[in-house]
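**Q** The following block contains the structure, expressed as structure tokens.
The values are calculated or read from the model by the stated rules, or taken from the named source; none is laboratory data. As the structure is a computational prediction, the values presented were derived from the model and not from experiment. Here the Cβ positions follow ideal geometry from the backbone for every residue, glycine too, while neighbour counts run over all protein chains shown.
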Amino acid sequence: MKLSVIGCGYLGAVHAAAMAELGHDVIGIDVDQSRIDALSAGKAPFFEPGLPDILASATASGRLRFSTRMEDAAGSRVHFIAVGTPQKRGSYAADLTSVNGALDALIPFLNAGDLVVGKSTVPVGTATNLAAAVAASGTGASLAWNPEFLREGFAVKDTISPDRLVYGLPPAEAEAVSAKALLDAVYRSALDAGTPLIVTDYATSELVKASANAFLATKISFINAMAEIAEATGADVTQLADAIGLDPRIGRRFLGAGVGFGGGCLPKDIRAFTARAEELGRGESVAFLKEVDAINLRRRQRVVDLTVESLGGSVNGKKVAVLGLAFKPFSDDIRDSPALDVAVQLRGLGATVVATDPHAIENSRRIHPQLEYAVEPADALANADAVVLVTEWDQFRHMDPVWAGNLVRDRIVIDGRNCLDAPAWRAAGWTYRGLGKP
Ligand code: UGA
């Protein structure tokens, strides 16, 4: 099928490449010329495992092209809207400027029978408004909502073999039938592989996405709240998570206590959900998400406080090696990254922060040039008074504590992801502090 993908960020670029990999003929459109130039040359503009391979093969085959001109979307049968919905300045609500702008720009190029498919994460009610704009355009196109559940770091796999597909279809039956047929054709391979499909209305599809991320954020903050209690009682939150996680109704995944969640999705999505619920007069239904957010932000402060405490009450003039900048491993994304936040806060308290990360240094340096960066972990560790691990990249998890101990000035380690082998670090002479651990 001929498809267009409007917006080529983390979501759109992967979606465009993955759809081409599945055999569709795809045009990716974005307003950022340098991004389009990189993608056209088959280069991924950000770090995402597996993306360079499918980009290179799909651009070389001619099935995948990129452009800054919306008119190049004309002739595609299905148009995915995959632009960002960041947090509005000075508010918790989502900023829909790009979504509305993308649709307005696309409408002149729509043909009768085309389907516009929203993939961006939006407040419930948005699809109905956008569908009204499509209907009013008189183009004969219609709109469906098809939320995306990909995780950064696993985005290619999650797009090609998703764990579920959700279609939010138009209320009019004839339109719904043809929208479903088009979406089925797009996702033929996933459907043939038995991917579960939920066919529903606009509001449910939008809420599936908001509530999935709210649930994940709540699960992480739940275990981080337990970490706070563990800190007050001498209990060990990792053992606690192992024990409760063995109950299949609870499950161990997303019970990793530590410095908390960040990224371009969970933090802004729970805030946007709260803001939308308040608009709907149902603020109290999701008021707990404010607590989820507060617990999450307190964990960043806890890592900073532990570092200060471990250094005798002040980090001023001390060298702190920060291991990790990305919001999670296998990503170079630093949006709302707890790791970068901790580094910046320690710098603000007068520490000389030398941070290292396998992929996120360039992005971090652009926004925080005041920090020092070291490509080699050994350079970050050299003569450090304390080491703070905040992104659990494999190279940090498996770092040899004896080797690291010979580089630093003082063997103090704060494990902000509870991912180090504490007994091994202690045996190598380190003062080890985890989160929610004795
Ligand atoms: C999240 C969701 O997991 C995806 O399903 C969703 O599609 C995506 O948002 C989105 O809305 O686009 P992502 O932001 O890539 O995906 O990252 P996650 O893997 O969910 O991790 C989020 C944060 O939680 C990271 O900072 C991670 O370090 C943290 N985390 C995760 C924990 O602190 N503890 C855990 O046990 C798990």
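**Q** Which of the residues spanning segment 1-37 are within 16 Å of the ligand (Cβ to nearest atom) and assigned to a strand (DSSP E or B)?
**A** Residue satisfying the conditions is Val5 alone.
**Q** Okay, next question. Would you please name the residue that is nearest to His15 (Cα to Cα), looking only at residues in segment 56-73 that are touching a Leu at 6+ places or on another chain (Cβ under 7 Å) and not small (Gly, Ala, Ser)?
**A** Phe66
**Q** Looking only at residues that are within 16 Å of Val166 (Cβ to Cβ), among the hydrophobic types (A, V, I, L, M, F, W, C) and surrounded by fewer than 18 Cβ atoms within 10 Å (Cβ to Cβ) in segment 210-230, which one is farthest from the ligand (Cβ to nearest atom)?
**A** It comes out as Phe215.
**Q** Say we look at segment 143-166 and pick out the residues that are in contact with a strand residue (DSSP E or B) (Cβ under 6 Å, 6 or more places away or on another chain) and farther than 22 Å from Phe215 by Cα; which of these is surrounded by the most Cβ atoms within 10 Å (Cβ to Cβ)?
**A** Of everything passing the filter in segment 143-166, Leu143 is surrounded by the most Cβ atoms within 10 Å (Cβ to Cβ).
**Q** Of all residues in segment 315-360, count the ones that are buried (at least 24 other Cβ atoms within 10 Å of the Cβ), among the aliphatic types (A, V, I, L, M) and away from the ligand (no atom under 16 Å from the Cβ).
**A** 7
**Q** Oh, and also: Quick check on segment 253-269. Is at least one of its residues within 13 Å of the ligand (Cβ to nearest atom), under 16 Å from the mean Cα position of the chain (by Cα) and β-branched (Val, Ile, Thr)?
**A** Scanning segment 253-269 turns up at least one residue that is within 13 Å of the ligand (Cβ to nearest atom), under 16 Å from the mean Cα position of the chain (by Cα) and β-branched (Val, Ile, Thr).
**Q** When you go through Val387, Val353 one by one, which is the residue that is farther than 15 Å from Gly416 by Cα and in contact with a helix residue (DSSP H, G or I) (Cβ under 9 Å, 6 or more places away or on another chain)?
**A** Going through Val387, Val353 in turn, the sole match is Val353.
**Q** For the list (1) within 26 Å of Pro86 (Cα to Cα); (2) surrounded by fewer than 24 Cβ atoms within 10 Å (Cβ to Cβ); (3) modelled with pLDDT of 95 or more, I need the number of the one condition that Pro377 fails.
**A** So the condition that Pro377 fails would be (1).
**Q** Does segment 129-139 contain at least one residue that is in contact (Cβ under 8 Å) with a residue 40 or more places away in the chain, more than 16 Å from the ligand (Cβ to nearest atom) and surrounded by fewer than 19 Cβ atoms within 10 Å (Cβ to Cβ)?
**A** no
**Q** Can you name every residue in segment 62-101 that is in contact (Cβ under 8 Å) with a residue 60 or more places away in the chain and touching a His at 6+ places or on another chain (Cβ under 9 Å)?
**A** Ala73, Val78, Phe80, Ala82
**Q** Now for a separate question. Please state which of the following conditions Arg411 fails to meet, knowing it meets all the rest: (1) surrounded by fewer than 23 Cβ atoms within 10 Å (Cβ to Cβ); (2) out of contact with any strand residue (DSSP E or B) (no Cβ under 7 Å at 6 or more places or on another chain).
**A** Every listed condition holds for Arg411 apart from (2).
**Q** Continuing with the same structure: Quick one: is Glu206 of a type in the set (Asp, Glu), out of contact with any Lys or Arg (no Cβ under 6 Å at 6 or more places or on another chain), within 16 Å of the ligand (Cβ to nearest atom) and closer than 21 Å to Val5 by Cβ?
**A** The answer is yes for Glu206.
Condition check ((1) part of a loop (DSSP other than H, G, I, E, B); (2) touching a residue at least 40 places away in the same chain (Cβ under 8 Å)) across all residues:
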| site | (1), (2) |
| --- | --- |
| Phe273 | no, yes |
| Lys290 | no, no |
| Leu297 | no, no |
| Val308 | no, yes |
| Pro358 | yes, no |
| Arg366 | no, no |
